[in-house]
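Here's the structure, in C-alpha cells; my notes come after.
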Amino acid sequence: MKESVVVSLRERLGWNPFFDARAAGLERRDLKFARVVEEQRGLYRIAGDVEGWAEVSGRFRHEAITAADFPAVGDWVGVEGAIIHARLERRSVVSRAAAGRAVEQQVVAANVDTIFLVTAFPEDLNARRLERYLTMVWDAGAMPVVVLNKSDLSEDPQAAADALRIRLSGRCQTPGNFDMVSDTAVVAVTALQERGLEALEPYLRPSQTIALLGSSGVGKSTLVNRLLGREALKVSAVSDADGRGRHTTTARQLVELPGGALLIDTPGMRELQPWVDEAAVDAAFDDVTALARDCRFADCAHDAEPGCEVLDAIAGGRLDADRLEHYRRLGRDAAFEERKRDKAAGANAKRRWKRIHQAQKALYRDRDRG
C-alpha cells in the first residue's frame, strides 16, 4: 500500500517511463528518487520518495565538471538519507550564459514541457527579446507560449498579439497534439484582473511542467498567484521612472497548481545570453531557413545575390526585414559563444584529467605505504 502512494506521488510530480528507465540504468537499489522543487545556496528541497532538504555528496561535487552538472529545479535525483548521489538525465533543459561570466552555463530549469514567455504592455513588448527567448525554448526541447500581460494598458491587445504572432511565426506545437505544427502561440491576459487566463488552460495539464521566463516587472509573480489561486509570491510595484520592476522572486521553485500542473517560477532575467548554438538559432528561425533552402546559391548570404528567396520574401511582405537582421545577429552571437565554449570545454577536460591523475597517484602512494 505504501509503495503505491510513493509511485502516485512520483507520477504527480512528473515521473514517467523516461525517468524510470534512467533510474534502472543506475543499478542502485539503495537510492530513492525525488524531484528538486527548490534550490537555495547549494541546498536542494526535494519531494518524491523522500521529502526535505538535501545536499550533493562529496563524490558528486568532485566529479562535477561545470555548474550545469549540479542539480537544478525540476531535476530528478537519486538520494540516500539527505545526500544526493546522482542526477538523472534531463529530458529538457533551459540554460543561459551565466550573468557576468564569459563561458559558464547556468541551468534555469530542467525537465520542462511548456514555457510561458511572459512580457507586458507597453514598455516590455519587444519582438527581438522574445526571439532570443525562443531560441532558448526550442533548444531546450520545450513548447513556447508567449503571454502578453497587462493587456488593459493596450488600446487593441488582440491586434498586438496577432502582429507579434506573425512576426514570431516559425513553428510551435499545439496543446494536446505534439506532432502538429502551427504558428507560435501568443495570448493576451491581464493577470491582475484575472482576464484572459482561460487561454492558458490547455497547457496546464496534470503532471506537466511549465516554466515562466521573462524580464522583471512583467507580472510573473502576479500570474503565478492567479494560477495558484492564492497570494503565494510577493509582488512589488513597477518603478514609475523606468517602467521596470524589482526582482520579487529570489529563488527558483516548483509549485503544484490546483489542476495538477507543475509550475517553475524563475527570477527575472535582465541580462539574457541564450546558451545555444547556431543550430538552435536556425530552428527558432526556421521560416528564414526554409526560404534559404530555395535560394539559387547554397552559400547565399541573403544580401544582394540574384535568386535569393529570402530577399524576395522581404520584398513581397512575406518576411520582416528586421527578423532577418536579428537572425543574422543571433547567429553571429551563437557562433562566437560556441568558439569560447569549445576553449572552455578543453580547459575543463584538462582539469578533470589532472584531478584523476592526482587521485591515482595518491592511491598508489597510500598503497605503497601500506
**OP:** Find the residue count for the range 280-301, including only residues that are buried (at least 19 other Cβ atoms within 10 Å of the Cβ), under 31 Å from the mean Cα position of the chain (by Cα) and part of a loop (DSSP other than H, G, I, E, B).
**Re:** 1
Original post:
So which pairs qualify, if the first residue must be in the range 207-230 and more than 17 Å from Val94 (Cα to Cα), the second must be among the aromatic types (Phe, Trp, Tyr), the Cβ gap must be under 8 Å, and the two must be at least 6 apart or on different chains?
Top reply: Leu223/Phe116
Original post:
Which condition breaks for Gln40 when tested against (1) touching a Pro at 6+ places or on another chain (Cβ under 7 Å); (2) under 20 Å from Glu256 (Cβ atoms)?
Top reply: (1)
Subject >> Inter-residue pairs, beta-carbon under 6 Å, first on the phi > 0 side of the Ramachandran plot and in the range 7-26, second of a type in the set (Lys, Arg), 6+ apart >> reply: none
Original post:
Since Gly307 meets every condition but one in (1) modelled with pLDDT of 90 or more; (2) in contact with a helix residue (DSSP H, G or I) (Cβ under 9 Å, 6 or more places away or on another chain), which condition does it not meet?
Top reply: (2)
Subject >> Matching residues in the range 108-138 - criterion: being among the aliphatic types (A, V, I, L, M) and not in a strand (DSSP E or B) >> reply: Val112, Leu125, Ala127, Leu130, Leu134, Met136, Val137
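Answer yes or no as to whether Leu153 is modelled with pLDDT of 85 or more and exposed (fewer than 14 other Cβ atoms within 10 Å of the Cβ). Break it down into steps so the answer makes sense when it comes.
Values: modelled with pLDDT of 85 or more: yes; exposed (fewer than 14 other Cβ atoms within 10 Å of the Cβ): yes.
Yes; evaluated as a whole, the condition is true for this residue.
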Original post:
Taking the range 39-49 only, how many residues are more than 20 Å from Arg91 (Cβ to Cβ) and surrounded by 16 or more Cβ atoms within 10 Å (Cβ to Cβ)?
Top reply: 1
Subject >> In the range 176-206, residue modelled with the highest pLDDT [restricted to those that are farther than 20 Å from Val255 by Cβ, part of a loop (DSSP other than H, G, I, E, B) and not β-branched (Val, Ile, Thr)] >> reply: Gly196
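Please verify whether Val56 is crowded, with 21+ Cβ neighbours inside 10 Å and touching a residue at least 40 places away in the same chain (Cβ under 8 Å), treating the condition exactly as stated. Break it down into steps so the answer makes sense when it comes.
Working: crowded, with 21+ Cβ neighbours inside 10 Å: yes; touching a residue at least 40 places away in the same chain (Cβ under 8 Å): no.
Against the criterion (crowded, with 21+ Cβ neighbours inside 10 Å and touching a residue at least 40 places away in the same chain (Cβ under 8 Å)), Val56 does not qualify.
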Original post:
If you go through the range 139-147 one residue at a time, do you hit one that is part of a helix (DSSP H, G or I), more than 15 Å from Leu212 (Cα to Cα) and touching a residue at least 60 places away in the same chain (Cβ under 8 Å)?
Top reply: yes
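For the range 245-253, state whether one or more residues are outside the structural domain of Ala47 (by TED's automatic domain parsing), farther than 30 Å from Asp156 by Cβ, at pLDDT 90 or above and in contact with an Asp or Glu (Cβ under 7 Å, 6 or more places away or on another chain).
Restricting attention to the range 245-253, the residues satisfying the condition of being outside the structural domain of Ala47 (by TED's automatic domain parsing) are 245-253.
Okay, now just the ones that are also farther than 30 Å from Asp156 by Cβ, so 247, 249-253.
Now narrow it down to the ones that are at pLDDT 90 or above: none.
No, because not a single residue in the range 245-253 is outside the structural domain of Ala47 (by TED's automatic domain parsing), farther than 30 Å from Asp156 by Cβ, at pLDDT 90 or above and in contact with an Asp or Glu (Cβ under 7 Å, 6 or more places away or on another chain).
Could you go through the range 113-120 and let me know if any residue there is surrounded by 22 or more Cβ atoms within 10 Å (Cβ to Cβ), among the aromatic types (Phe, Trp, Tyr) and either closer than 22 Å to Ser221 by Cα or under 21 Å from the mean Cα position of the chain (by Cα) (or both). If you could, list the steps in order and put the result at the bottom.
Quick first cut of the range 113-120, residues surrounded by 22 or more Cβ atoms within 10 Å (Cβ to Cβ) only: 114-120.
Next, only the ones that are among the aromatic types (Phe, Trp, Tyr) stay: 116.
Keeping just the survivors that are either closer than 22 Å to Ser221 by Cα or under 21 Å from the mean Cα position of the chain (by Cα) (or both) gives 116.
Yes, because at least one residue in the range 113-120 is surrounded by 22 or more Cβ atoms within 10 Å (Cβ to Cβ), among the aromatic types (Phe, Trp, Tyr) and either closer than 22 Å to Ser221 by Cα or under 21 Å from the mean Cα position of the chain (by Cα) (or both).
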Original post:
Given Glu123, Glu89, Glu39, which one is in contact (Cβ under 8 Å) with a residue 60 or more places away in the chain and under 30 Å from Ser151 (Cβ atoms)?
Top reply: Glu123
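The values are calculated or read from the model by the stated rules, or taken from the named source; none is laboratory data. Keep in mind that this is a model prediction, so the values were computed, not measured. When we count neighbours, we look across all protein chains shown, and the Cβ atoms used for this are built from the backbone with ideal geometry, even at glycine.
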